[in-house]
Structure formats: structure tokens, C-alpha cells
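What follows draws every value from the coordinates through simple rules; no lab data is involved. None of these values were measured; they are calculated from a predicted model. Because the Cβ atoms are built from the backbone with ideal geometry, glycine has one as well, and the counts that use them run over all protein chains shown.
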Amino acid sequence: MPSVDLLPNVGLLPPPIDQMWTDLLPLQGVRQRAESAGSPGRFFWYDPPWYYVSPQTAASIVMAVDALRVPVAALGCELGENDLGDLMLGHSLVPYRPDRYGLGIKDLMAANVIDLRFARTRDWQGRYAYSDEQMSRWLGLDLAGDEDANPSVPESQSVSAPGWLPEFKDTSLLCRKIEQFHCLQPNARCAVSLGPYRLANELPAVLAAKPDIVILRLDDSDELREERLTSLLLKATEQLSRQSDNTDLWVVPPDAPTPDDCVKMFALGVQAVAIDWWCQPLITQAMQTEGSMDRSSLANPYLAQAEELLRTPFERVAGLIQSCGADHAGALSPKHLRW
């Protein structure tokens, strides 16, 4: 769990002196609040490296985290399924990348959130590229017979990742794509992922297309810390309040957030925070143990691990929200912050 705050210069205020603390909860009550803090719309797992583990293991991890009501990004092919709907997930997040590698129409039809990714992900070398293992998982290739194919060791060969969706000359065509997604899956929420570099120009154009969610990718920059991060989030939330009443802001932080950071971002107007760093130990542990794990039982072996891993940060988030005098994360606002 991270120990260094991303927003150390922003503090959380207790309730005003004239406000009675009438809803103080014992530890069990805080744990119940933690369940609501982890509900859909508060945390999500944005970019899991599923190619590090077998499809069967990846599917078990997805179902374990989904059971905690945390949306997890995945495609059916990454989990060994032709149809993501076969897993009966309650909070699936389907990434729609520019190249569409591995994406199936049934993935979109089973999605709770469809994420149109204008922002790209860098590989371990800092390039916008996909590894051999990742491409093999998407394309359904089998590297099991290759002695050198070890997903835990990055390969030198890679495939460049395109940066702009082929059907878009500019963001003015985005509205048509979002309407297409809504026709395909009326119950899905449509998200658009953006980077931080041209936000002043791109965010208004994206909001004009009326997406349900804007996902702000801040993990591509090492410079967004403290005041710069606070300023960027405030500008983004102000733009949303001016231009759209129905679009939520989700954020992928520049680094591992602490529970305190999450509560501060909720108070700044962020609806959900990516917790990839909190969930990554599930994959790291699986890489070490999946070969010796007993799969004869019908129980999901990763459910207890996921609960143990996320219980503590979820409980702290719930406790901090309560300490601010708020009933839930949505009741927080900048007035709960000390500048």
C-alpha cells in the first residue's frame, strides 16, 4: 500500500464545530460503509496486465474483484472466453482501443462501461507499444510451447500502438460513435479516456459529444504532483460543471494513490479513482503460485485474497469520509478540504 500522498498539501477538515457528530460508527459500521465506498463508480481497475497470467487465472481474478463491486477492464479473449458475458460479471469495463486487438462484438454487448481510449498506455520501456505476450493473448496465439515465452520477462519485440481511432479525423465525430455504443448496449455507460497534455482543447470537444464518463489518464506523466495535480483536477471538474451535468469524472492517478488521496479527489469532484496499484499484487502473487494451485474446488481461490487486499484501504476511505461529517463519498465537496 502506498505511503506517500499525491496531494500532501491538501488536508481533510472535520465537521464544523456546530455540527453534531450523530452518526459515529463502531468498527463494524465502518466496514459496512467500506462496502459502499467500493461500489461501482468509486474505484475501478483500469489496465490490468492479464497476459502475465493464464486466461483461467485472469478470469478468476476478474470475478473476485468484480464480486467486490469494482469495475475491471478486460476482454473475453484475455480471460479465455469467446464472450465476456459468459462470466456473468456485474461491473465489466470493456476497453475500445484504437487497434481493436482482441475486441469482440459480444464484449461490447456484455459491457457495463465501454471505454473509448484516446489515451494510450506505455510499455515497460516507456514506448507506446504492445508486447509479444499481449498480442498473442489478443490474437489467440499459443506460446506455451515456446521455452523463451515467459510473460514475467518483457520481450524486446513489440508492436507499436496507434494513437488515434481510425474512424475519427477529429473529436467532432465522437458523438456518432457514442450513439452507436448506446444502440448496441443500451444499458452500458460510455466513457472516453483522455491524456492530460491538451486537456484545455480536448476536454470541451469530448464533453460536446455527451459521454457518460470522462476518464482522465494522468499516469502518463511524472510531473503531476501536489499543486499541479490539484490544479488540473479543479480545472477538469470546473469544465464539467460548466458544460455537462451528466458526465462523471474518473481519474487514473499519476502514481499509487493513498486512501487519503482518494477521499481528497472525491471532494474535488472526482467520482472514481483507479486502483491498479492496489490490485496488482493479485497478479504478482498469481504468477508465483498459479502452477501449484489446486483448482479442483469450485470456490474462487482469489476471492479471499482480493477481500484481504482491499479491505484495509476501503475501510480507511470509509472512515475518512465519516470523519469529514459526510454520509457518503458523493456528499463530499471542496468545503471539506483544507488548502
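Details
- Label zone (SER323, point 7 Å along Cα-to-C-beta; backbone nitrogen cut-off 18 Å) within the stretch 246-280: 257-268.
- Extension gain (nm, one decimal) between GLN243 and ASP255, 0.36 nm per residue minus Cα-Cα: 1.5 nm
- Ordered by the number of other Cβ atoms lying within 10 Å of each residue's own Cβ, fewest first, TYR46, TYR52 fall into the sequence TYR52, TYR46.
- Theoretical gain in end-to-end length, HIS182 to TRP124 [0.36 nm per residue, Cα-Cα removed]: 17.4 nm
- Over 16 Å [Cα-Cα, the stretch 229-339], rounded percent: 66
- Order of MET265, MET287, MET135 - criterion: other Cβ atoms within 10 Å of each residue's Cβ, fewest first: MET287, MET135, MET265
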